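In what follows, a structure is listed as C-alpha coordinates, so that the remarks can point back to it.
The values are calculated or read from the model by the stated rules, or taken from the named source; none is laboratory data. Please read all numbers here as calculations on a predicted model, not as lab measurements. Please note: Cβ atoms are built from the backbone with ideal geometry, for glycine as well, and neighbour counts cover all protein chains shown.
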Amino acid sequence: MQEKNKTLRTLPIAGTAAGITLAPSKIIAVGLNYREHVQEGISANPHPFSIPREPVLFAKTPNVLIGPGEPIIIPGHIKDYHFEEERTDLEAELALIIAKPGKHIPPEKAFDYVLGYTCFNDVSQRNLQNTDVSGWFRGKSFDTFGPIGPVLVLHQNIGDPQHLAICSRINGVVKQSGNTQDMIFSIPFLISYISQNFTLEEGDIIATGTPQGVSPIQGGDRVEIEIEGIGILANPVVQG
(Lines give C-alpha, C1' and ligand atoms only; values in the text may rest on other atoms or scores of the structure.)
Protein backbone atom coordinates (compact mmCIF):
# COMPACT_ATOMS: atom_id res chain seq x y z
CA MET A 1 0.00 0.00 0.00
CA GLN A 2 1.30 3.43 -0.93
CA GLU A 3 2.07 5.64 2.05
CA LYS A 4 -0.29 8.58 2.38
CA ASN A 5 1.27 11.85 1.22
CA LYS A 6 1.70 13.75 4.46
CA THR A 7 2.29 17.03 2.64
CA LEU A 8 -1.30 17.24 1.39
CA ARG A 9 -3.14 20.27 2.79
CA THR A 10 -6.72 21.30 2.19
CA LEU A 11 -7.60 24.99 2.25
CA PRO A 12 -11.16 26.32 2.35
CA ILE A 13 -12.10 28.42 -0.67
CA ALA A 14 -13.34 31.72 0.72
CA GLY A 15 -17.02 32.41 0.13
CA THR A 16 -17.82 28.80 -0.78
CA ALA A 17 -18.39 25.47 0.94
CA ALA A 18 -15.60 23.94 -1.13
CA GLY A 19 -11.94 23.40 -0.46
CA ILE A 20 -8.79 22.79 -2.46
CA THR A 21 -6.27 20.06 -1.75
CA LEU A 22 -2.73 21.32 -2.20
CA ALA A 23 -0.44 18.79 -3.88
CA PRO A 24 1.85 20.94 -6.03
CA SER A 25 4.33 19.44 -8.45
CA LYS A 26 6.55 22.38 -7.48
CA ILE A 27 6.70 25.44 -5.29
CA ILE A 28 8.54 28.27 -7.02
CA ALA A 29 9.55 31.14 -4.76
CA VAL A 30 10.85 34.56 -5.71
CA GLY A 31 13.72 36.15 -3.82
CA LEU A 32 14.59 39.84 -3.54
CA ASN A 33 11.31 41.04 -5.06
CA TYR A 34 10.71 44.04 -2.79
CA ARG A 35 13.14 46.94 -3.21
CA GLU A 36 13.36 47.81 0.49
CA HIS A 37 13.99 44.17 1.41
CA VAL A 38 16.95 44.15 -0.95
CA GLN A 39 18.24 47.37 0.54
CA GLU A 40 17.94 46.26 4.15
CA GLY A 41 20.62 43.66 3.45
CA ILE A 42 18.93 40.70 5.16
CA SER A 43 18.98 38.26 2.29
CA ALA A 44 20.23 34.76 1.66
CA ASN A 45 23.31 36.04 -0.15
CA PRO A 46 26.52 36.53 1.85
CA HIS A 47 28.02 38.62 -0.97
CA PRO A 48 27.13 42.14 -2.10
CA PHE A 49 23.95 42.28 -4.16
CA SER A 50 21.80 44.85 -5.91
CA ILE A 51 18.33 45.24 -7.36
CA PRO A 52 17.92 42.16 -9.58
CA ARG A 53 17.58 42.60 -13.34
CA GLU A 54 15.36 39.55 -13.60
CA PRO A 55 13.44 37.51 -11.01
CA VAL A 56 15.51 35.49 -8.53
CA LEU A 57 13.90 32.06 -8.45
CA PHE A 58 14.38 29.17 -6.06
CA ALA A 59 12.42 26.06 -5.17
CA LYS A 60 10.85 24.92 -1.95
CA THR A 61 9.88 21.27 -1.75
CA PRO A 62 6.27 20.22 -0.98
CA ASN A 63 7.25 18.74 2.41
CA VAL A 64 7.42 22.31 3.72
CA LEU A 65 3.65 22.76 3.60
CA ILE A 66 1.71 22.99 6.84
CA GLY A 67 -1.65 24.53 7.60
CA PRO A 68 -2.86 27.18 10.03
CA GLY A 69 -2.15 26.33 13.67
CA GLU A 70 0.43 23.65 12.88
CA PRO A 71 3.89 24.13 14.40
CA ILE A 72 6.92 25.41 12.55
CA ILE A 73 9.70 23.13 13.76
CA ILE A 74 13.24 24.51 13.86
CA PRO A 75 15.53 21.50 13.21
CA GLY A 76 17.42 20.51 16.34
CA HIS A 77 20.53 19.43 14.44
CA ILE A 78 21.26 23.04 13.47
CA LYS A 79 22.78 23.43 16.95
CA ASP A 80 25.42 20.84 16.04
CA TYR A 81 27.01 23.40 13.70
CA HIS A 82 27.69 25.78 16.61
CA PHE A 83 26.91 28.87 14.56
CA GLU A 84 27.90 32.05 16.36
CA GLU A 85 24.38 33.40 15.85
CA GLU A 86 21.84 30.77 14.83
CA ARG A 87 19.05 32.39 12.86
CA THR A 88 15.77 31.20 11.33
CA ASP A 89 13.53 33.91 9.86
CA LEU A 90 9.89 34.32 8.94
CA GLU A 91 8.96 35.87 5.58
CA ALA A 92 5.44 37.09 4.79
CA GLU A 93 4.48 36.42 1.18
CA LEU A 94 1.49 36.46 -1.14
CA ALA A 95 1.20 33.04 -2.76
CA LEU A 96 -0.84 32.13 -5.80
CA ILE A 97 -2.14 28.78 -6.97
CA ILE A 98 -2.00 27.90 -10.65
CA ALA A 99 -5.36 26.95 -12.19
CA LYS A 100 -4.26 25.12 -15.35
CA PRO A 101 -1.12 24.04 -17.18
CA GLY A 102 0.77 26.72 -19.05
CA LYS A 103 4.02 27.30 -20.92
CA HIS A 104 5.29 30.55 -22.47
CA ILE A 105 2.38 32.47 -20.97
CA PRO A 106 2.24 36.11 -22.14
CA PRO A 107 1.92 38.64 -19.28
CA GLU A 108 -1.43 39.88 -20.57
CA LYS A 109 -2.84 36.35 -20.23
CA ALA A 110 -1.18 35.54 -16.90
CA PHE A 111 -4.22 36.03 -14.66
CA ASP A 112 -6.12 33.46 -16.76
CA TYR A 113 -3.82 30.88 -15.13
CA VAL A 114 -4.40 31.96 -11.51
CA LEU A 115 -6.93 30.06 -9.44
CA GLY A 116 -6.51 32.20 -6.34
CA TYR A 117 -4.34 33.65 -3.60
CA THR A 118 -3.37 32.88 -0.02
CA CYS A 119 -0.83 33.76 2.67
CA PHE A 120 2.53 32.00 2.74
CA ASN A 121 5.40 32.03 5.24
CA ASP A 122 8.72 31.37 3.51
CA VAL A 123 10.53 30.21 6.66
CA SER A 124 14.29 30.37 6.07
CA GLN A 125 17.24 28.93 8.01
CA ARG A 126 19.73 31.71 7.29
CA ASN A 127 22.99 30.10 8.43
CA LEU A 128 22.69 27.18 6.03
CA GLN A 129 21.22 29.39 3.33
CA ASN A 130 24.32 31.57 3.55
CA THR A 131 26.90 28.80 3.70
CA ASP A 132 25.68 25.79 1.69
CA VAL A 133 27.75 25.47 -1.49
CA SER A 134 24.64 24.32 -3.36
CA GLY A 135 22.77 27.52 -2.52
CA TRP A 136 19.40 28.16 -0.90
CA PHE A 137 17.83 24.70 -1.24
CA ARG A 138 18.36 23.17 2.19
CA GLY A 139 17.80 26.31 4.26
CA LYS A 140 14.44 26.86 2.56
CA SER A 141 13.05 23.31 2.43
CA PHE A 142 13.07 21.81 5.92
CA ASP A 143 9.84 20.12 6.97
CA THR A 144 7.23 22.70 8.12
CA PHE A 145 9.08 25.65 6.51
CA GLY A 146 6.08 26.61 4.36
CA PRO A 147 2.95 27.48 6.36
CA ILE A 148 0.08 28.31 4.01
CA GLY A 149 -3.49 29.55 4.45
CA PRO A 150 -5.86 30.24 6.11
CA VAL A 151 -8.06 30.28 2.99
CA LEU A 152 -7.76 30.50 -0.77
CA VAL A 153 -9.40 33.60 -2.24
CA LEU A 154 -10.35 33.11 -5.88
CA HIS A 155 -8.76 35.47 -8.38
CA GLN A 156 -12.07 37.02 -9.34
CA ASN A 157 -12.77 37.86 -5.69
CA ILE A 158 -9.43 39.36 -4.60
CA GLY A 159 -9.79 42.75 -6.25
CA ASP A 160 -6.38 44.02 -7.33
CA PRO A 161 -3.77 41.47 -6.17
CA GLN A 162 -1.11 44.07 -6.91
CA HIS A 163 -2.48 46.40 -4.24
CA LEU A 164 -2.78 44.37 -1.01
CA ALA A 165 -1.39 45.28 2.41
CA ILE A 166 0.88 42.54 3.78
CA CYS A 167 2.44 42.21 7.22
CA SER A 168 3.97 39.77 9.68
CA ARG A 169 3.91 39.69 13.47
CA ILE A 170 5.86 37.79 16.11
CA ASN A 171 4.04 37.49 19.44
CA GLY A 172 1.76 40.32 18.36
CA VAL A 173 4.58 42.72 17.41
CA VAL A 174 4.60 43.90 13.80
CA LYS A 175 7.84 43.01 12.02
CA GLN A 176 6.98 43.50 8.35
CA SER A 177 4.56 45.96 6.83
CA GLY A 178 4.30 46.49 3.10
CA ASN A 179 2.08 46.32 0.06
CA THR A 180 2.15 44.07 -2.97
CA GLN A 181 2.31 47.18 -5.16
CA ASP A 182 5.95 47.46 -4.01
CA MET A 183 7.05 44.31 -5.87
CA ILE A 184 9.94 44.85 -8.27
CA PHE A 185 8.48 42.29 -10.66
CA SER A 186 4.68 42.21 -10.94
CA ILE A 187 2.57 39.09 -10.62
CA PRO A 188 1.82 38.86 -14.39
CA PHE A 189 5.51 39.32 -15.19
CA LEU A 190 6.49 36.61 -12.68
CA ILE A 191 3.99 34.10 -14.07
CA SER A 192 5.16 34.78 -17.62
CA TYR A 193 8.84 34.63 -16.70
CA ILE A 194 8.52 31.42 -14.70
CA SER A 195 6.52 29.77 -17.48
CA GLN A 196 9.32 30.50 -19.96
CA ASN A 197 11.57 28.32 -17.83
CA PHE A 198 9.26 25.64 -16.42
CA THR A 199 5.86 24.36 -17.47
CA LEU A 200 3.40 25.45 -14.81
CA GLU A 201 1.01 22.69 -13.77
CA GLU A 202 -2.39 22.88 -12.14
CA GLY A 203 -1.89 23.24 -8.39
CA ASP A 204 1.62 24.65 -8.54
CA ILE A 205 2.38 27.38 -6.02
CA ILE A 206 4.24 30.62 -6.68
CA ALA A 207 5.39 32.64 -3.66
CA THR A 208 5.94 36.20 -4.80
CA GLY A 209 8.56 37.57 -2.40
CA THR A 210 8.66 39.34 0.95
CA PRO A 211 8.81 42.98 2.06
CA GLN A 212 11.41 44.44 4.39
CA GLY A 213 11.60 43.53 8.06
CA VAL A 214 12.19 39.76 7.95
CA SER A 215 12.93 38.75 11.52
CA PRO A 216 14.25 35.79 13.52
CA ILE A 217 11.91 33.32 15.19
CA GLN A 218 12.53 30.88 18.00
CA GLY A 219 10.79 28.15 19.94
CA GLY A 220 7.81 29.48 21.89
CA ASP A 221 6.98 32.24 19.40
CA ARG A 222 3.63 32.69 17.69
CA VAL A 223 3.99 34.05 14.17
CA GLU A 224 1.29 35.60 12.01
CA ILE A 225 1.16 36.51 8.34
CA GLU A 226 -1.70 38.80 7.37
CA ILE A 227 -2.70 39.88 3.87
CA GLU A 228 -5.53 42.25 3.07
CA GLY A 229 -8.58 40.44 1.72
CA ILE A 230 -7.27 37.00 2.72
CA GLY A 231 -6.86 36.89 6.49
CA ILE A 232 -4.35 35.78 9.09
CA LEU A 233 -2.12 32.71 8.91
CA ALA A 234 -0.95 31.90 12.46
CA ASN A 235 1.52 29.22 13.55
CA PRO A 236 3.42 28.41 16.75
CA VAL A 237 7.18 27.83 16.61
CA VAL A 238 8.75 24.78 18.24
CA GLN A 239 12.44 24.08 18.77
CA GLY A 240 13.20 20.60 17.47
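For the stretch 47-158, the strands (runs of 3 or more DSSP E) that sit wholly inside it and include 2 or more residues that are small (Gly, Ala, Ser) are 92-98, 146-154. Between 78, 148, the distinction of being modelled with pLDDT of 95 or more and within 25 Å of residue 187 (Cα to Cα) belongs to 148 only. Checked across the stretch 190-202, the condition of being of a type in the set (Asp, Glu) and farther than 23 Å from residue 113 by Cβ holds for no residue. Screening 206, 191 for residues that are at pLDDT 95 or above, assigned to a strand (DSSP E or B) and surrounded by 14 or more Cβ atoms within 10 Å (Cβ to Cβ) leaves exactly one candidate, 206. Here residue 79 does not fit the description of being loosely packed, with under 14 Cβ neighbours inside 10 Å and within 30 Å of residue 18 (Cα to Cα). If you go through the stretch 157-171 and keep only what is farther than 14 Å from residue 93 by Cβ and surrounded by 19 or more Cβ atoms within 10 Å (Cβ to Cβ), you end up with 158, 169.
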